[in-house]
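Visitor: Below you will find the structure I want to go over with you.
No value in this document is a laboratory result; all are computed from the given coordinates. Just so you know, these numbers come straight off a predicted model, no measurement behind them. Cβ placement follows ideal geometry from the backbone for every residue including glycine, while neighbour counts extend to all protein chains displayed.
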Amino acid sequence: MADSPRPGLPGPSAHAAEWRLYVPKLVTVLRQGYAARDLRRDLLAGLTVAIVALPLSMALAIASGASPAVGLHTAIVAGFLISALGGSRVQIGGPTAAFIPVVFNVIDRFGYDGLVIATLMAAAMLVLAGLLRLGTLMKYMPQPVITGFTAGIAVSIFTSQIKDALGLDIDKLPAEFFARWQTYFAHTGSFSLAAAGVALATLALLVALRRWRPKWPGFLIAVIAASLGVLAFNVPVDTIATRFGGIPTALPSFHLPQFELARIPELLPAAFTIAFLAGVESLLSAVVADGMIGGRHRSNGELVAQGVANAASAMVGGLPATGAIVRTATNVRAGGRTPVAGMAHAVFILLFVLLLAPLANYVPLPAMAALLLMVAWNMSEIERIRHLWHAPRGDLAVFVVTFLLTVMFDLTVAVEVGVVLAAFLFMHRMSEVAALESDHALIEEDAEDSAADLASDQRAGLPAGVEAYRVSGPLFFAVANRLDDVLRAVGRPPRVFILRMRLVPMIDASGIDAIENLVERCRRHGTLLVLSGLQAQPREALARMGMRDDVGGVRFANDFPAAIEIARAGVASESASR
């Protein structure tokens, strides 16, 4: 007689389903079949991403207080493992700008060995978070907090590049924001017109390429042009060779620091910050990638892969690494559709180190500073900040506090305070909301509603090509991400999608952001979105953010019967046009 699982205990199938969460996407792709055509496409995408990643990896390492070779080694080791073991098909990993202020502070306080130990600790935290299936919790980060610390990091990056952009003669740059600016003003007499000219010319070329030739590898072109200009006219500026002695043409070597248990408490906050950044940025990048390819990443498997990759990077003396949104988007636009593209990008960077590294010795540091100034501008998310400026005042206050704490104090403190403020803000809002029904899911398929709406089965009365879902309860940061799954659950995109919001008393900035993402997804699929039964606060909040009836493929309906009439008219209009 076969054994059967005891009551209350998971059976073998449950364990198998659980471990599927950690199967790398590479394994899934190979099981589905991988042809020579797929390999050609991935190799081309990998080469394209490597061209973008080469100058960025060096620039990010320099800004972090390390040598450019360290950035390249991080892109090779961590980039390969993140793609090979990760839960996303197209994620590209490596050093990112978000780590610059964190890494710079750790190296300044604890030395490079301290950074390696902190990275190893962070790697263990990431693996543990993935095994505990905390990847889903990362999605609940409030949007004002994310925008606040991202914009704060952008300001920190901008501040860190003033020295090289202006050629200031400063032996040691402080890590603190105000002390750094005091040092800059104290050394204005060492301003170099040549360095400023190279930085300005590189920045102008980057802006021009971004505007008129956005598909060209702007970073690499700008660096090559700056290097050739400095060599041709013998411009007196620092280069990679003069400051760092060049880039070694060798494989990354194994490196383990002296480990002391007494250092763990002092390095724990830095390790937590590295783990938090790596987790949040990698999952945000994976979500962006899902939207571009229509896929679905495995968040917990991605966290485990990030932990393994960061441990390997630390063991070769590399920097912390995570998923890079810009490089991931470049991979998708270049045709990459499987993890092989990310692995190929790491191999191409390795070939550059082995064969062409001496060419990088001529790269001027003011040009690298210009690259990071452009990265800082891209990270600042000016449009999102302008958008958030019209959000409810509480969300705006959370953003401002998180931003200021990130710039002036510490990222860990900024995120902790921001999340706590968002939680208190939510509780305050809930205290002002009338009691709601508690026996409905937050987002549920609308098979039936209360007798006040319709007593009979509503789905049977929907026209062909029309789908309806109902949201029940406040649409705030902890549930807003579920809207991303609604259209995916429907399967084939409908002609009209009705989102019933009669039971939504409140919506915050994250909820509005989720609605806007749903609007954009419906627009791409040619689906008319109808928002039914909007209460006063959600309608007012959406209006402040620029979302109104019959604008941008969205219709508002006072109740569900009115929404059905709009849907019938939409289906009839589409049929007539066909």
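Visitor: Once every DSSP H run of n ≥ 4 in the chain is given -39500 (n - 2.57) and the sum is divided by its residues, what mean residue ellipticity at 222 nm do you get, rounded to the nearest 500 deg cm²/dmol?
Guide: -20000 deg cm²/dmol
Visitor: Could you pull out every residue, at least 5 positions away or on a different chain, whose amide H is within less than 5 Å of the one on residue 472? Hs are placed 1.01 Å off N in the peptide plane, and Pro or chain starts have none.
Guide: Those qualifying (amide H under 5 Å, at least 5 residues apart or on another chain) are 443, 444.
Visitor: Moving on. Going by Cα centres, region 492-524 and region 238-272 are how many Å apart?
Guide: What the calculation gives is 46 Å, centre to centre.
Visitor: Enumerate the amide H contacts of residue 239 below 5 Å, restricted to partners 5 or more residues apart or on another chain; note that Pro and chain-start residues carry no placed amide H.
Guide: Residues meeting the criterion, in which the H sits 1.01 Å from N, are 365.
Visitor: Starting at the first residue of region 403-420, write each ³J(HN,Hα) from the Karplus equation 6.51 cos²θ - 1.76 cosθ + 1.60 with θ = phi - 60°, in whole Hz, x for Gly and Pro.
Guide: After applying 6.51 cos²θ - 1.76 cosθ + 1.60, I find 4, 5, 5, 5, 6, 9, 10, 8, 5, 4, 4, 4, 5, 4, 5, x, 5, 5 Hz.
Visitor: Given 20 Å bins starting at zero, what is the percent of C-alpha pairs of the chain in each, up to the one with the largest pair distance?
Guide: Here the calculated profile for the chain is 19, 49, 27, 5, 0.
Visitor: Further question on the same structure: Could you give me the ³J(HN,Hα) list for region 143-150, computed from phi with Karplus coefficients 6.51, -1.76, 1.60 and θ = phi - 60°, whole Hz, x at Gly and Pro?
Guide: After applying 6.51 cos²θ - 1.76 cosθ + 1.60, I find 4, x, 5, 4, 5, x, 6, 5 Hz.
Visitor: Among residues other than residue 555 whose Cβ falls under 11 Å from its Cβ, what is the net charge (Lys/Arg +1, Asp/Glu -1)?
Guide: -2
Visitor: Which length gain, in nm to one decimal place, applies between residue 207 and residue 181 when the Cα-Cα distance is subtracted from 0.36 nm times their residue separation?
Guide: 6.7 nm
Visitor: Kindly state, to the nearest 0.05, the FRET efficiency for residue 396 paired with residue 249, given R0 = 41 Å and r defined as their beta-carbon distance.
Guide: Efficiency for this residue pair is about 0.20.
Visitor: Moving on to the next point. Taking 8 Å as the Cα distance limit and 6 or more residues as the minimum spacing, I'd like the relative contact order of the chain as a percentage.
Guide: Across the chain, relative contact order equals 22 percent.
Visitor: At 7 Å along Cα-to-Cβ for each site, give me the label-to-label distance between residue 428 and residue 30 in nm.
Guide: Distance between the two pseudo-spin positions: 5.4 nm.
Visitor: Report, by chain and number, residues whose modeled amide H sits under 5 Å from the one on residue 498, excluding near sequence neighbours (fewer than 5 apart, same chain).
Guide: Those qualifying (amide H under 5 Å, at least 5 residues apart or on another chain) are 467, 468, 469, 530.
Visitor: Next up: Could you derive backbone 3J(HN,Hα) for region 500-512 from the dihedral phi with the Karplus parameters 6.51, -1.76 and 1.60 (θ = phi - 60°), listing whole Hz in sequence and x where the residue is Gly or Pro?
Guide: For region 500-512, the Karplus-derived couplings read 8, 10, 4, 9, 9, x, 8, 9, 10, 5, 5, x, 5 Hz, x marking Gly and Pro.
Visitor: Pop the C-beta distance of residue 549 and residue 215 into the FRET formula with R0 = 35 Å and round what comes out to the nearest 0.05.
Guide: Calculated value: 0.40.
Visitor: Fewest first, what order do 281, 381, 565, 260 take by the number of other Cβ atoms within 10 Å?
Guide: Ascending number of Cβ neighbours within 10 Å: 260, 565, 381, 281.
Visitor: Label points 7 Å out from Cα along the Cβ direction at residue 23 and residue 359: separation in nm?
Guide: 4.2 nm
Visitor: Using the number of other C-beta atoms within 10 angstrom as an exposure proxy, rank 215, 163 with the fewest first.
Guide: Starting with the residue having the fewest Cβ neighbours, the order is 215, 163.
Visitor: Given a Förster distance of 60 angstrom, what is the FRET efficiency for residue 535 paired with residue 258, based on the Cβ-Cβ distance and rounded to 0.05?
Guide: It comes to 0.45.
Visitor: Okay, next question. Find, among the chymotrypsin sites (Phe, Trp or Tyr not before Pro) in region 241-289, those assigned to loop by DSSP (not H, G, I, E, B) with at most 11 other beta-carbon atoms within 10 angstrom.
Guide: For chymotrypsin sites (Phe, Trp or Tyr not before Pro) across region 241-289 that sit outside H, G, I, E and B with at most 11 neighbouring Cβ atoms in 10 Å, the list reads 254, 259.
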